[in-house]
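These notes concern the structure reproduced below.
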Amino acid sequence: MPNVVEDVASPAVLRDTAAERATRRRAPLAAAVLGGAALFAGLVVLLYFASVHAVPGNSDGATVILEGQAMGAGNLTLHHWFLSFDSFWGVDAPIYALGVLVAGLRPELLNLVPAAIAACVVVVGMWLARHGRRGAAGAAGALVVLALLAFPTHALSIFYLQGPLHVGTALWCLLAFASLCTGYSRWRWAVAVLLLAAGAVGDLQTLAFGVLPLGIGGVLAALRTRRWREGVPAATAAAASVVLALVAREVAKVIGTFTVNKSNPTATLREMLTNLKLAVTYGDKLLGAGSQGFGRGGVPSGLLAVHVLGVLAILAGVLAAAVGLVRGVLRGPADAGPAARSGDTSAAGAAVGAGGTAACAGSGPSAPWRLDDVRLRAFLGDLAVFVILTPTANPAYARYLTVAIVFGAVLAGRLAARVVPLIRRRLAVLASAVAAVAATLCFAASVGYNVAEAAPLQPTATLGRFLAARGLVEGVGDYWSASIVTVESRGRVRVRPVMAPFGRVVTYTRNSSSTWYTGHTFQFLVYNHALPFGDVDAKTATATFGKPAHVWAVDGYLVLAWRHRISVASGLP
């Protein structure tokens with residue numbers, strides 16, 4: 001009988017093989033992480049320069065930096081501050097606090113933090129657009145979001161890359177939707193609740209394009225699937241986030257937190273009807289279909305015209321999501337195919353993984369329609385915010401449409417990811433890819449023109465240097481001339497906002513802290529001579545403090561100083 005030698009692997013060999021398999025599994029993940037980090041870093045640099053050339057900075061942006069400075073110094077609840085419902089306490093302010101802790105009080109944060117937030121929006125939006133798709137389909141979805149949000153028009157950059165204008169709130173909502181609508185577990189549910197609660201305590205608009213879309217989504221999910229349990233996670237997450245936000249606010253009050261001052265004005269019914277038309281007009285211009293009232297940032301007319309493709313892409317994405325929502329509610333599980341009706345989503349998931357379309361109407365916690373539905377409702381929620389909170393036809397109110405464009409861009413990307421697998425002819429696929437890349441390059445070239453233009457002047461920087469050179473380091477001024485000087489001078493000159501509602505100068509009771517005034521006296525008063533704000537001018541200053549001993553004109557600002565230091569009475573009733 002011949003000898004038989006069994007080929008049995010030693011334990012060491014088995015361990016080596018397992019280690020190799022683990023290494024091979026980790027390699028794609030490591031590559032994805034490194035690639036994502038590189039993409040994020042590149043986006044931050046690009047969007048920072050776009051921000052610098054579109055946004056000169058103002059006291060709204062400076063205020064949230066000072067909020068961050070206060071939080072970084074230990075005043076986590078912003079005790080003694082006077083803010084509004086969009087205090088950004090749980091949204092942007094912690095990010096600015098981190099920025100101040102790392103870099104100090106610097107004017108660069110006016111552009112760097114909004115750029116970093118926008119870069120996060122792009123990365124998360126790209127991931128959500130390609131979620132459930134691979135290959136060309138996933139790439140197409142991500143490319144659409146990249147084109148629309150990483151290469152914004154000059155008009156969109158004015159609001160998208162300026163802080164804090166609710167883009168951070170949109171990021172929190174996107175992350176909450178991603179956590180709850182791409183699968184279900186207790187920790188995913190908890191993350192969504194925490195994000196929405198943080199958004200709600202810092203920006204009440206979170207209710208419009210975060211909490212309500214998710215809560216209504218629970219009802220619509222139950223209608224789509226004809227199973228009430230399908231709507232429970234979303235509905236309970238929305239309700240729990242509101243409860244948590246209220247509890248957090250009450251606890252903060254006990255500890256000591258900011259006071260909420262009067263809210264923004266709302267439009268009348270007639271103005272709301274007008275705002276429906278304005279939403280279309282401003283939305284088109286923000287996306288590049290026109291530039292009147294916003295400027296074009298040096299982009300040639302022909303190149304600007306290419307941005308019409310962005311308008312069409314977002315309209316198509318929103319329309320497709322709306323049709324899908326209505327169809328899903330009306331047809332119920334019949335629209336989901338056999339796999340969904342039986343409760344088995346594995347076939348649907350396999351179709352998605354292969355780039356198919358069978359899962360587009362499936363059920364289950366990770367059904368693709370959940371992401372589309374919630375972002376459609378968020379898009380509509382932001383439109384409602386614009387319609388309700390825009391009292392005049394001032395282009396500055398176009399800022400309320402920025403979030404709608406963010407959600408619309410992701411909807412456009414998801415539509416592109418669904419359409420690509422339907423294109424069967426290789427030549428058509430190639431032509432579509434070439435056209436998409438060409439359009440993206442045109443969008444990128446537009447940003448190049450924007451950056452090539454001279455950056456807008458910041459006269460408060462000159463004002464800060466003038467004051468510091470004369471030893472005038474503690475003063476008061478109208479709101480738009482105050483906190484921005486403090487930040488531009490890196491805190492060397494501290495100017496606190498005041499107002500004069502009844503002919504005498506008093507403290508400004510919004511976007512300020514009472515500790516800035518209590519027990520303090522000041523050396524000067526400054527205001528914008530061409531655009532006085534809050535009735536702060538030479539007349540009200542003289543009526544309050546007497547005739548000034550010195551008056552200097554500095555780049556459109558008037559600086560008034562007295563032979564004695566001045567104190568400011570409280571503006572609270």
Worksheet item: Which condition number in (1) in contact with a Lys or Arg (Cβ under 9 Å, 6 or more places away or on another chain); (2) over 30 Å from G68 (Cβ atoms) is the one that A267 fails?
Response: (1)
Response to the item:
Expected single match for within 25 Å of F88 (Cα to Cα) and either assigned by TED's automatic domain parsing to the domain that holds V308 or surrounded by fewer than 24 Cβ atoms within 10 Å (Cβ to Cβ) (or both) among Y184, Y160 is Y160
Fill in: Yes/no for V447 being crowded, with 18+ Cβ neighbours inside 10 Å and in the same structural domain as V299 (by TED's automatic domain parsing)
yes
Discussion item. Just to be sure I understand, how many residues within region 65-89 are touching a Ser or Thr at 6+ places or on another chain (Cβ under 9 Å), of a type in the set (S, T, Y) and at pLDDT below 95?
Written reply: 1
Fill in: Filtered residues of region 217-266 (kept if outside any helix (DSSP H, G or I) and touching a helix residue (DSSP H, G or I) at 6+ places or on another chain (Cβ under 6 Å))
R226, N264, T266
Worksheet item: Counting only residues that are touching a Lys or Arg at 6+ places or on another chain (Cβ under 7 Å) and under 10 Å from G317 (Cβ atoms), how many does region 396-422 have?
Response: 3
Worksheet entry | Contacts under 6 angstrom Cβ, first residue in region 508-524 being touching a residue at least 60 places away in the same chain (Cβ under 8 Å), partner assigned to a strand (DSSP E or B), 6 or more apart | Y508/P497; Y508/V498; Y508/M499; T509/F82; R510/F82; S512/F82; S512/P497; S513/W81
Worksheet item: Does region 258-274 contain any residue that is at pLDDT below 95, among the basic types (K, R) and within 26 Å of P368 (Cβ to Cβ)?
Response: no
Fill in: Residue count for region 529-544, restricted to those that are of a type in the set (A, V, I, L, M, F, W, C) and free of Cβ contacts under 8 Å to residues at least 24 places away in the same chain
1
Response to the item:
Within region 282-308, residues over 22 Å from V55 (Cβ atoms) and in contact with a Gly (Cβ under 9 Å, 6 or more places away or on another chain) come out as A305, V306, V308
Worksheet item: Would you call S51 at pLDDT 95 or above, among the small types (G, A, S) and within 17 Å of the chain's Cα centre (by Cα)?
Response: yes
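The values are calculated or read from the model by the stated rules, or taken from the named source; none is laboratory data. This structure is a prediction, so every number in the text was calculated from the model and none was measured. Cβ sites come from the backbone with ideal geometry, for glycine too, and all protein chains shown count toward neighbours.
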